[in-house]
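Data block below; observations after.
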Amino acid sequence: MRPGQLDGWEPLARIAVACLVTAEEAGRLDDERVETLIAASPQELDGVRAAAGDRAVGVRCEITDGDTMNEAASLCGTADVLVAAFADETDIPLELLLARAQGTRTQVYKQLLTSAETASVAGVLETGPAGLVIGAGHLADLDKAAAVLRAERHAQLDLVPLEVVRSKPVGMGYRGCIDTTHLFDGDEGMIIGSTSSGGIFVCAEVHHLPYINLRPFRVNAGAVHSYVFGTETMAYITDLAAGEKCYVVNPGGRFREAMVGRIKVELRPMRLVEARYGDTTVNAFLQDDWHVRVMSAEGKPLNLTEVVPGTLLLGRITEPGRHVGIKVDEEISEF
């Protein structure tokens, strides 16, 4: 904000206040609510720093070409905060700034041209900038940007050990591979199940295959009727399509959002794996092949052909009763 906007305003306790100022304004600003002074341009930075006292100091840089980009990059490590205001809707210069600021005290913020930039900006160099700046003339964009950022967050949910009670070939069936626009880590996969009571952790195709290349973007997810579990909702494999979101999980129960690139359905031999946790039984129909992996309760991938009654697998148990993937308060029986 600007100094004049402070009049008559009492910020909430959790809000840290930063003011965009010239060197002259910084010299006159004596307001204990302001924790950080942001120089309005690189040319004002030295004057603002001289007037800042023990307050943090930042700088706003308008970046329109190579020269202004290099000027901003040169300030990484010399200011606490760098607000990058790009003339164009591009993230390549932001990548360069984040790389230059890495390992320094400088936190890079990007000033958004529109709230539509939020999703792409938040993931630049995986971690994204330290924060986003939204113009006061478009306060409605705050809600839009906040909604996107909330969706980008990881969720932590409980996974449980499931004891296998049945594992057997069941003949041919249509199975779907979920190919995403993301790359899976070595311990990631998806939760797949036939009922809304829960599912089994099916690994991504990131583990050794002797005859074909790995598919680090794919989960061989099982029969087409199966649910793919998210953090709050679930979707049938056949409901997923390019551009839809799905959820990737690791053995620690961290769910993260990914995007579906395609669903690949083929007729294949299938195996039924049924497992129990307490009084709840879940199952998954998976392609009956050695190269399909499921996650053991110890967080180790197992070839599907190794899974027998008594094997402990990792999975998720949920409260049953869903309509179009959303929890509903009605009695629903699935078996």
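The values are calculated or read from the model by the stated rules, or taken from the named source; none is laboratory data. The shown structure was predicted, so the numbers you read here are calculated from the model rather than taken from an experiment. For neighbour counting, all protein chains shown are included, and Cβ atoms are generated from backbone atoms with ideal geometry for every residue, glycine included. The area values use the complete protein model at the heavy-atom level, side chains included, leaving out ligands, DNA and RNA. Shrake-Rupley method; radii C 1.70, N 1.55, O 1.52, S 1.80 Å.
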For this session: State in Å² the accessible area per residue of region 226-293; use a 1.4 Å probe, count heavy atoms of protein chains only, and round to the nearest integer.
Result: 44 Å²
Problem set entry | Other-chain or far-sequence residues with amide H under 5 Å of Glu244's (modelled H) | Val260
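Which FRET efficiency value, to the nearest 0.05, do you get for Asp46 and Thr90 by plugging their Cβ-Cβ distance into 1/(1 + (r/R0)^6) with R0 = 41 Å?
0.90
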Exercise. With labels modelled as points extended 7 Å from the Cα through the Cβ direction, what inter-label distance (nm, one decimal) is found for Asn303 paired with Glu62?
Worked result: 6.5 nm
